[in-house]
Amino acid sequence: MEMDQLYSDIILEHNQSQENKRELEKFTLQEHGHNPSCGDDITLRADIQDGIVKDAAYTGHGCAISQASADMMIDVIKGKTVEEALRLTNLFLDMIKREVTDDDELEDLEDAIALKNISNMPARVKCAVLAW
Ligand code: ZN
């Protein structure tokens, strides 16, 4: 299977997943993000207890890339310490900026590595980084 095809399948899968797309009743943090160039609009909620991301979820609407990216991010940060979650967020942004290209280093990003080549499509970069 072509790598690009594999990555498209992962993005599609996360776009369709509803597991992280829900209204979080109990939360300590809420952030709203809007990407005017595409119309993506995401509200992210996280329940942080004792420095650990106990739960996180998002609501909103937007293109497949923005929704898939939000879903992937929640998978990555859930259960992590805030410090580790921030490190992973920065790692994702460095991957998008091509400052980190080593696959071993990017392994911690789990499925979000599928967005590695999004910088080939500059118009979609904002969609991919919105949630992060
Ligand atoms: Zn978008």
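The values are calculated or read from the model by the stated rules, or taken from the named source; none is laboratory data. What you see is a predicted model, and the numbers here were worked out from it, not measured in a lab. A quick note on method: Cβ atoms are made from the backbone with ideal geometry, for glycine too, and the neighbour counts reach across all protein chains shown. Calculation scope for accessible area: heavy atoms of the full protein, side chains included, ligands and nucleic acids excluded. Shrake-Rupley method; radii C 1.70, N 1.55, O 1.52, S 1.80 Å.
Odds and ends about this structure:
- Debye-sum result for the range 31-90 in log10 I(q)/I(0), which assumes one identical scatterer on each alpha carbon, at q = 0.15, 0.17, 0.22, 0.29 Å⁻¹: -0.45, -0.56, -0.86, -1.19
- Residues in the chain average 55 Å² of solvent-accessible surface per residue, probe 1.4 Å, ligands and nucleic acids excluded.
- Non-local Lys pairs in the chain, i.e. 8 or more apart or on different chains, that have alpha carbons under 14 Å apart: 7
- In a simple Cβ point-charge model (Lys, Arg +1; Asp, Glu -1; nothing else charged), the chain has a dipole of about 580 debye relative to its Cα centre.
- For the pair the range 79-123 and the range 1-58, the centres of their Cα atoms are 15 angstrom apart.
- With kT/(6 pi eta Rh) evaluated at 10 °C and eta = 1.306 mPa s, and Rh the Kirkwood radius from Cα pairs, the chain diffuses with a coefficient of 107 µm²/s according to Stokes-Einstein.
- For the range 59-105, the equivalent ellipsoid derived from the Cα gyration tensor has semi-axes of 20, 16, 8 Å, listed largest first.
- Dipole axis of the chain (+1 Lys, Arg; -1 Asp, Glu on Cβ), positive-most option in 66, 16, 106: 66
- Relative contact order, percent, the chain [alpha-carbon distance under 8 Å, six or more residues apart]: 26 percent
- Residue 61 paired with residue 38, simple spin-label distance in nm, labels 7 Å along Cα-to-beta-carbon: 1.6 nm
- Accessible-area composition of the range 35-91, carbon plus sulfur, in percent [1.4 Å probe]: 54 percent
- When the GluC sites (Glu not before Pro) in the range 83-132 are filtered for DSSP coil states and for at most 10 other beta-carbon atoms within 10 Å of their beta-carbon, the remaining sites are 99.
- Order of exposure, largest accessible area first, which applies to 8, 119 with probe 1.4 Å: 8, 119
- Of the complete DSSP H runs in the chain, none spans 27 angstrom or more by Cα along the long axis with a mean Kyte-Doolittle score not below 1.0.
- Across the protein chains, with a 1.4 Å probe defining accessible surface, the residues 82, 53 rank 82, 53 from largest area downward.
- Taking 92, 27 and ordering them by how much accessible surface each has at a 1.4 Å probe, largest first, produces 27, 92.
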